[in-house]
Amino acid sequence: MKYILITIGALIVFSVAWYGLSPLFISIKIDDTAPAASTVVSQVAPVVATAGHPAEGIAKIIETEGKQYLRYENFETLNGPDLYVYLAKTPDAKEFIDLGLLRATEGNVNYEIPAGVDPKDYPYALTWCKQFGVLFNSAKLY
């Protein structure tokens, strides 16, 4: 009986550790092209890493044909569980627009901004871990 409980406990610990750590070893590369005839409407901002979450690249807001996009270029970040891309009012993600799951950990990536959202009201681009409420990186666009 004791052996079974130890085995079950070890499996639970291993499963939790695998869930939390396995994304660190997975890299996803995407190379989206910039939308045709796009105009940069924000400053070109460096991606700033946080402690324990290295990152680099630039972020900017571009506009074309009535649509706006958050665009990362030469982007690299550490992967993790449950990562999302936000436009936020502050780096603590209290008020934000969810642009969806992080699509890539490296490359050039576009995220469409929903119609009716003014990016100037949300000057920070964030890579945010929803599950743990942790900021992975940010860029100040305005």
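The values are calculated or read from the model by the stated rules, or taken from the named source; none is laboratory data. Keep in mind it's a predicted model, so treat the numbers as computed, not measured. All Cβ positions, even for glycine, are placed from backbone atoms using ideal geometry, and neighbour counts span all protein chains on display. Ligands, DNA and RNA are stripped out before the accessible areas are found, and what is left, the full protein with its side chains, is counted by its heavy atoms. Shrake-Rupley method; radii C 1.70, N 1.55, O 1.52, S 1.80 Å.
Structure notes:
- Yes/no for G100 being surrounded by fewer than 18 Cβ atoms within 10 Å (Cβ to Cβ), closer than 16 Å to A125 by Cα and without any contact (Cβ under 8 Å) to a residue 40 or more places away in the chain: yes
Conditions tested, residue by residue: (1) open to solvent by less than 50 Å² (accessible area, probe 1.4 Å); (2) over 16 Å from D32 (Cα atoms); (3) without any contact (Cβ under 8 Å) to a residue 12 or more places away in the chain.
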| site | (1), (2), (3) |
| --- | --- |
| Y69 | yes, no, no |
| E112 | no, no, no |
| P119 | yes, yes, no |
| S138 | yes, yes, no |
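- P23 vs. criteria in a loop (DSSP other than H, G, I, E, B), modelled with pLDDT under 95 and at negative phi: no
- When each of K67, K89, K60 is tested for being in contact with an Asp or Glu (Cβ under 9 Å, 6 or more places away or on another chain) and closer than 23 Å to K29 by Cα, the lone residue that passes is K60.
- A93 in contact (Cβ under 8 Å) with a residue 24 or more places away in the chain, in contact with a strand residue (DSSP E or B) (Cβ under 7 Å, 6 or more places away or on another chain) and on the phi > 0 side of the Ramachandran plot: yes
- For the range 26-62, the set of residues classified as among the hydroxyl-bearing types (S, T, Y) and in contact (Cβ under 8 Å) with a residue 40 or more places away in the chain consists of S27, T33, S42, T50, listed by residue number.
- Criterion: under 13 Å from D32 (Cβ atoms), among the hydrophobic types (A, V, I, L, M, F, W, C) and more than 11 Å from the chain's Cα centre (by Cα) - qualifying residue of I62, I97: I62
- V85, sole failed condition from (1) under 16 Å from S42 (Cβ atoms); (2) in contact with a Gly (Cβ under 9 Å, 6 or more places away or on another chain); (3) free of Cβ contacts under 8 Å to residues at least 40 places away in the same chain: (3)
- Filter pass, E106 being more than 17 Å from V40 (Cα to Cα), open to solvent by 30 Å² or more (accessible area, probe 1.4 Å), in contact (Cβ under 8 Å) with a residue 40 or more places away in the chain and not aliphatic (A, V, I, L, M): yes
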